[in-house]
């Protein structure tokens, strides 16, 4: 088994991120720091990540989490901030699929299935991602139309989006936006580009998955049908 797949199957991180671990010298095989991301693990090899021996998980698990603000979407943090993985039952090690900013809340998938995670995050699979946004000021229909057509967010023009203006008060606008990409801080950058910085941001759906009534900070296992729908979507 290729080393990045081995690491992912142990529930440490995705295959793509595992390659970064190798580049950073965090992976050892039989006591020696691994330098080749193309290494294939053989029977009897002892693989360690950050000094901890790992082995592939015997079964795959899939969770949907309603991420709270203030939690880091990672399996470790040098600053000691709380991790999203701490909110999932520790029966097996899992890692987040993709990212949500520190102060963004909402739907996040966590799993120990490295193959599925890698496919879900691949740029060729443009899943719809739905967000509820509270933006500063009054967003006009004309400004929303700019987001719908695609907007330059600094070296990148976004694909067309769906925007629904829900309501507003004197100081802010509540809107729903559906995008099909996953650029870093994309929704925040889009609203900033039209002059309305995001005050609150919550991801409410990915593809066919919905956050529903799941309380903030709580998680649930994905049903077999939900897992199968994800698999079909990335075939």
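We did not get these values from a lab; they are worked out from the coordinates using the rules stated. Keep in mind that this is a model prediction, so the values were computed, not measured. Virtual Cβ from ideal backbone geometry, glycine too; neighbours counted across all protein chains shown.
Nearest 0.05, what FRET efficiency do residue 59 and residue 1 give at R0 = 22 Å with Cβ-Cβ as r?
On the way: r = 17 Å, r/R0 = 0.76.
E between residue 59 and residue 1, to the nearest 0.05, is 0.85.
What order do you get for 174-184, 24-34 when each peptide is scored by the mean count of other beta carbon atoms within 10 Å, highest first?
174-184, 24-34
May I ask you to compute the full-extension gain from residue 128 to residue 216, defined as 0.36 nm times their residue separation minus their alpha-carbon distance, rounded to one decimal in nm?
Taking 0.36 nm per residue and subtracting the Cα distance, the gain is 29.5 nm.
Obtain the nm distance between the two label points defined at residue 225 and residue 115 by a simple spin-label model: each point lies 7 Å from its Cα along the Cα-to-C-beta direction.
2.5 nm
Obtain the nm distance between the two label points defined at residue 176 and residue 156 by a simple spin-label model: each point lies 7 Å from its Cα along the Cα-to-C-beta direction.
Calculated label separation equals 2.5 nm.
To the nearest 500 deg cm²/dmol, what mean residue ellipticity at 222 nm is calculated for the chain from DSSP H runs of n ≥ 4 alone, each contributing -39,500 (n - 2.57), summed and divided by the residues?
-6000 deg cm²/dmol
Any chance you could check the Cα centroid distance between segment 1-28 and segment 208-231 for me, in angstrom?
26 Å
Counting only C-alpha contacts under 8 Å and six or more residues apart, can you give the relative contact order of segment 3-53 as a whole percent?
32 percent
Sticking with the crude label model, points 7 Å out along Cα→Cβ, report the distance from residue 166 to residue 77 in nm, one decimal please.
2.6 nm
I'd like to compare 37-45, 58-66, 210-218, 155-163: which one has the highest average count of other Cβ atoms within 10 Å, and what's the full order after that?
Highest-to-lowest ranking by the protection proxy: 58-66, 155-163, 210-218, 37-45.
Once the Cβ-Cβ distance between residue 103 and residue 36 is put in as r, and R0 is 41 Å, what FRET efficiency do you end up with, to the nearest 0.05?
FRET efficiency, residue 103 to residue 36: 0.60.
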